Ligand code: DX5
Ligand code: ZN
């Protein structure tokens, strides 16, 4: 996994067909997805349940590129090893998920995975300041986590700008998660984001039997973020 700040589109399989993850991952990668974003929810930290490390291990062989695992679970630490063994390239934990985010990030890096920290919309950008030398990614949540298809929270554009300033020259990705579509993508790209997660805006209208729609949706987001309006 090399580092750069070019725009990367990370479809969230939360909006995919849950009975067909392998084929869905292959379809989005063939249609231009840069990363595959995997939303793990526990029904405790967030009010929804998705799946765990066994499912991640099952889909891993169907992903050629980066498997980006977003943990919306509490506690996090007892499960880090399992997600790393499942083949996660990036493991992101929420700063709000427990009292020991510093220890959690150390534990993620100790597995060899990249470490991400996610910020809910109620958490200030400054919360990442003590963590800057131990993270590879900051995930700015632009919805309250738990569900796909929610509206983008515009006040998070300013949070993204602040995160970008705090990062300076460090090789840390800024990922945006929630309500990203061709309208909101340019706003967060201008604020400094480079990884754009999108669930409904990628999967809407398509399927594994009509994957071209995924490709059109991915291109529309990327081109909007890059400032090319089609
Ligand atoms: C929300 C998840 C997101 C979600 C994004 O808790 O972390 O990844 O799937 O979905 P959209 O793009 O539909 O807002
Ligand atoms: Zn997510």
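Remarks
- Within the range 169-211, being part of a strand (DSSP E or B) and within 14 Å of ligand 1 (Cβ to nearest atom) holds for 175, 176, 177, 195, 196, 197, 198.
- Within the range 13-42, being within 16 Å of ligand 2 (Cβ to nearest atom) and more than 20 Å from residue 72 (Cα to Cα) holds for 24, 25, 28, 33, 34.
- Filter pass, residue 40 being within 13 Å of ligand 1 (Cβ to nearest atom), within 25 Å of residue 104 (Cα to Cα) and at pLDDT 95 or above: yes
- Residue ID - farthest from ligand 1 (Cβ to nearest atom), chosen from residues in the range 123-137 that are in a loop (DSSP other than H, G, I, E, B) and out of contact with any strand residue (DSSP E or B) (no Cβ under 6 Å at 6 or more places or on another chain): 124
- Matching entry among 32, 87 (being outside any strand (DSSP E or B) and within 25 Å of residue 103 (Cα to Cα)): 87
- Considering the range 123-137, and only residues there that are in contact (Cβ under 8 Å) with a residue 40 or more places away in the chain and within 14 Å of residue 105 (Cα to Cα), the residue that is surrounded by the fewest Cβ atoms within 10 Å (Cβ to Cβ) turns out to be 132.
- Residue count for the range 138-147 satisfying the condition of being touching a strand residue (DSSP E or B) at 6+ places or on another chain (Cβ under 6 Å) and surrounded by fewer than 22 Cβ atoms within 10 Å (Cβ to Cβ): 0.
- Check on residue 82, in a strand (DSSP E or B), free of Cβ contacts under 8 Å to residues at least 40 places away in the same chain and either more than 13 Å from ligand 2 (Cβ to nearest atom) or closer than 18 Å to residue 196 by Cα (or both): no
- The residue pairs whose first member lies in the range 148-162 and is in contact (Cβ under 8 Å) with a residue 60 or more places away in the chain, whose second member is part of a helix (DSSP H, G or I) and within 16 Å of ligand 2 (Cβ to nearest atom), and whose beta carbons are closer than 9 Å, counting only pairs six or more residues apart or on different chains, are 148/14; 148/15; 148/200; 148/203; 149/15; 149/200.
- Evaluation of residue 32 against (1) away from ligand 1 (no atom under 16 Å from the Cβ); (2) touching a residue at least 60 places away in the same chain (Cβ under 8 Å); (3) out of contact with any helix residue (DSSP H, G or I) (no Cβ under 7 Å at 6 or more places or on another chain) (one fails), failing number: (3)
Conditions tested, residue by residue: (1) touching a strand residue (DSSP E or B) at 6+ places or on another chain (Cβ under 8 Å); (2) surrounded by fewer than 16 Cβ atoms within 10 Å (Cβ to Cβ); (3) over 29 Å from residue 133 (Cα atoms).
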| position | (1), (2), (3) |
| --- | --- |
| 3 | yes, yes, no |
| 10 | yes, no, no |
| 54 | no, yes, yes |
| 71 | yes, no, no |
| 102 | no, yes, no |
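- Check on residue 95, crowded, with 16+ Cβ neighbours inside 10 Å, more than 13 Å from ligand 2 (Cβ to nearest atom) and within 27 Å of residue 211 (Cβ to Cβ): no
- Residue in the range 213-228 that is touching a residue at least 60 places away in the same chain (Cβ under 8 Å), buried (at least 16 other Cβ atoms within 10 Å of the Cβ) and assigned to a loop (DSSP other than H, G, I, E, B) present: no
- Subset of the range 112-122 [crowded, with 16+ Cβ neighbours inside 10 Å and assigned to a loop (DSSP other than H, G, I, E, B)]: 113, 120
The values are calculated or read from the model by the stated rules, or taken from the named source; none is laboratory data. Since the structure is predicted, the reported quantities are computational estimates derived from the model, not experimental observations. Note that each Cβ is placed from the backbone with ideal geometry, even for glycine, and that neighbours are counted across all protein chains shown.
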